[in-house]
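Right, one structure below, let's go through it.
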């Protein structure tokens, strides 16, 4: 009986902690994290924590199987190693001091964190001192994502911004088109449709839209051919392009970014994810 009472008491004490952790984990579900500069053992610990949260992870450092994926664009946040020796051993792919606009969780030893806290401090940065736990990571990741969302949601100051952005949707699947149109209209975003690659290219050149949602697999010209043509034309070179892929193919994602894509979304997609990524690109274009 004494043991049962003790277990019940422990459960009551732990429940608030478990509930808080579960709430943090829920906020990370579906997020994409870029990981850079860590040794294999710590990389595996991060992968385990991120997988547990139903989030996604990709190494930012060059991968022999998928070379070239060094852009930070597709990630919701980054997790970087502050230890200089490890960063150099990883090839020095990412400069920590160039991450001022990307939500970043920075992990390091106590002295390293104290030495860089002022130079790297910002609303979209959080620090973790080793040794760390999953709960440390979940809390810091939640905070950088929350603070980043707050900054992005501030009203745009550009006086030339359109009241209603225009998005070109290029896809030959009618179900996808109807779904995207419905979502964008709900948020008062103009939607123009192209049913093949040739139409996508012509419509983008004609309208100069705020962004292009471009399916990879289309008749006439595929998404990669359309993207190549857009980036080769000075008039459309800076049009934000989000690639829409049917599966999480690393090769397709890498190829898209090599050709100049700004982001990607995989089918089936969540409405709020698609909106968030399109709105971010539109805001960035208006601010620029």
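None of the figures in this text is laboratory data; all of them are computed from the coordinates on show. None of the values given here were measured: they were computed from a predicted structure. We place every Cβ from the backbone using ideal geometry, glycine too, and count neighbours over all the protein chains shown.
Order the peptides 164-176, 39-51 from the highest to the lowest mean number of other Cβ atoms within 10 Å of their residues. Working shown, then result.
Details: 164-176: 18.4, 39-51: 14.8.
Those peptides, ordered most packed to least, come out 164-176, 39-51.
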Pairwise FRET efficiency - residue 21 versus residue 182, Cβ, R0 = 25 Å, nearest 0.05:
0.10
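Would you mind classifying region 166-287 by shape? Square roots of the alpha carbon gyration tensor eigenvalues, ordered a ≥ b ≥ c; an a/c under 1.5 is rounded, otherwise it is prolate if a/b is larger than b/c and oblate if not.
On the way: a/c = 1.23, a/b = 1.09, b/c = 1.13.
Rounded is the answer for region 166-287, as its axis ratio a/c remains below 1.5.
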Given the Cα-Cα distance of residue 174 and residue 146 and 0.36 nm per residue of separation, how much length would full extension add, in nm?
6.6 nm
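What list do you get for 130, 208 if you sort them by fewest beta carbons within 10 Å? Please report the intermediate quantities before stating the final value.
On the way: 130 15, 208 12.
Result, fewest neighbours first: 208, 130.
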Need one number: nm distance between label points at residue 202 and residue 235, each 7 Å from Cα along Cα→Cβ, rounded to one decimal.
1.4 nm
Starting from the Cα of residue 166, step 7 Å along the direction of its Cβ; do the same at residue 273; then give the gap between the two resulting points in nm.
2.9 nm
